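Values in this text are rule-based calculations from the coordinates and carry no lab data. Computed from a predicted structure; not experimentally measured. Cβ atoms come from the backbone with ideal geometry, glycine included; neighbour counts cover every protein chain shown.
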Amino acid sequence: MTLLLFKPEFLLSMPGGTEWILILLVVLLFFGGKKIPDLMRGIGRGVREFNDAKESVKKELDAGMKENDKTSTASEQREVVKESEPTK
């Protein structure tokens, strides 16, 4: 029995239908019917804040990449102009 507990397949397996029902019953016993909506509301707020933060970081990265593209394009254009100018 103890050898079964240390197999990777056992440690990484997902709970089935019966296990989920047992987990839900334990959560219901611990938190009670009145606290579960508050718990779910808090989880929803956390997920929403995480997604907002993820989107803001993505926008900042995109803006930084666009700015970098603009500066590199401008410097390339200056180099082309310098190369095309006749030497004195």
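For residue 38 and residue 70, the difference between the fully extended length at 0.36 nm per residue and the C-alpha to C-alpha distance is 6.7 nm.
Grab the beta carbon distance between residue 51 and residue 14, set R0 = 35 Å, and tell me the FRET efficiency rounded to 0.05.
Once the sixth-power term is evaluated, E becomes 0.90.
What the phi angles of region 60-65 give under the Karplus curve with 6.51, -1.76 and 1.60, with θ = phi - 60°, is a coupling list of 5, 5, 4, 5, x, 5 Hz, glycine and proline written as x.
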